[in-house]
1. Output the 0 to 90 degree angle, nearest 10, between the alpha-carbon long axis of helix 380-398 and the longest principal axis computed from the alpha carbons of the chain.
2. Just list whichever of LYS47/LYS109; LYS13/LYS148; LYS63/LYS148; LYS55/LYS124 have alpha carbons separated by over 23 Å in the model shown.
3. Can you list the trypsin sites (Lys or Arg not before Pro) in region 349-405 that are in a DSSP coil and have 10 or fewer other beta carbons within 10 angstrom?
4. Rounded, prolate or oblate: which fits region 85-175 when a ≥ b ≥ c are the square roots of the eigenvalues of the alpha-carbon gyration tensor, with rounded for a/c under 1.5 and prolate only if a/b beats b/c?
5. Of HIS279, GLN226, VAL162, which is farthest towards the positive pole of the chain's charge dipole, taken about the Cα centre with +1 and -1 on the beta-carbons of Lys, Arg and Asp, Glu respectively?
6. So between THR421 and ARG57, what do we pick up on full extension, going 0.36 nm a residue minus the alpha carbon distance?
7. Which of rounded, prolate or oblate describes region 3-205 when judged by the alpha-carbon gyration tensor and an a/c cut-off of 1.5?
8. Determine ³J(HN,Hα), in whole Hz, for all residues of region 65-81 in sequence, where each value follows from phi through the Karplus function 6.51 cos²θ - 1.76 cosθ + 1.60 and θ = phi - 60°; x replaces Gly and Pro.
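What follows is calculated from the coordinates using simple rules that are stated; it is not laboratory data. No experiment lies behind these values; they were computed from the predicted model shown. Note: ideal-geometry Cβ built from the backbone for every residue, glycine included; neighbour counts use all protein chains shown.
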Amino acid sequence: MEIVAEFLARYRKEYDFYDQAARLIAQRLENALRETGIRAIVTSRAKSLSRLEDKIRQRAAKKNYKTVEDIFVDIVDLAGCRVALYFPADREQVKRIVTGLLRVHEPIKEFPDKTATKQPTYEKRFSGYWATHYRVQLRDVSLSESEKRYADARVEVQVASVLMHAWSEVEHDLVYKPLQGGLSTEEFAILDELNGLVMAGEIALERLQKAGEKRIADAGHAFSDQYDLTTFLLSRMPSEAGSYSTDAALGRVDMLYDLLQKLSIAKPDDIEPYLTNLHGDVEKRSIAEQIVDQLLLEDPSRFSTWEAIREDRQVISKSSPEKDQSQQASAEALGAFMMHWIAFERAVKLRAVSNRLFDKAEVERTPIGRIVRTLQVFDQNDLDTVDRIRNLRNNVVHGFYISDTNELRDAERHLKLLQQTLKRSSRGKSRQSRGSRKT
């Protein structure tokens, strides 16, 4: 059997596999974009047989395929996903989402490709296609047992503005897949002209985004949804968080929005004070997580509201008397753990300020792990315990972590011991200070 025909016969049998792999990735990206507050249209597809056959037969002479596997290696977009952004400037935020959510293989391709050697037959006035392409796979840990088979599927993710995607579809079909012969110079000129209109449209979209940022910041009204909140956060990051605006993800803005609403502080002026205390991506905590942390530290009673929001986002299994009792015990242990953690964090920060290791503003922007080490009060075992408890705290607050009652109670016990160590060091330093004054 001819190699191309053999490949097509195999692909026909595996078409549903590639279609489902692309759909799974599209679902994950769509959920992540919605949670982060990025406006986009996400679509997926497996490559159609007719178009695939045309592409392979055009490439076969140059590629000189020897086996069916050669074709599978060469054709990287059998499964594809498109992210069409409302606002082109969000491409960087989407990049963080894609690289964090999926396994990215091979160099990321940025268009226009300045390294391309192929010269167009028509000298364009405009730069053409602006997009970012990723070749990705699903992460095993995100898959259920029935989905594990899709972990090896390679999927091409194309990220561009809604306008650029539309233009590229027209240009690609007419230029690279001509059904009625090559295009005339006039047709190339029209496509170039359309590209110029699209690029002008992208500039208009960027202006529209900035106008929205200004409206939200100036109006003083409550955020209408997580998209408004994301727009505001992105507008404030360059001046408020320095390098954080380029290095950190926004995180679960949808859940932050829910919390702000529940607390009746869902206006730009309400959250402005919390933006000044954002720190760099030292602990890999997103912007949303850092704001939530400040809100909970400010008033520990808010944790029950936050826990309810987190539960609403989870799939709740059917209840039973045994489960109800277990959940009640877990909730009590979680509440006690959080109260002790907040007390410990406050005591550490207070000590750091009183010892003049940090000023009041600086201590709020500094990761707690660094503050604990700077105090030079705890030995290495204690420092390891703080790191372990901090990770537990971050997981139960931000990670949909199913808290184990015994683990939480053990952490609470260690927090009490750490507090005692902190107090003993304070008393020892106080006695030493009094002794030096008598001398």
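1. 60 degrees
2. Numbers: LYS47/LYS109 20 Å; LYS13/LYS148 19 Å; LYS63/LYS148 32 Å; LYS55/LYS124 25 Å.
Listed pairs above 23 Å: LYS63/LYS148; LYS55/LYS124.
3. Working: sites: LYS349, ARG351, ARG356, LYS360, ARG365, ARG370, ARG373, ARG388, ARG390, ARG393; in loops: ARG356.
Those that pass, being in a loop and sparsely packed, are ARG356.
4. Prolate.
5. Sorting the options by dipole projection puts first HIS279.
6. Numbers: separation 364, 0.36 × 364 = 131.04 nm, distance 7.39 nm.
Extending this stretch completely gives an extra 123.7 nm.
7. oblate
8. Listing the rounded values in order: 4, 9, 9, 4, 4, 4, 5, 4, 5, 6, 8, 8, 10, 4, 10, x, 9 Hz.
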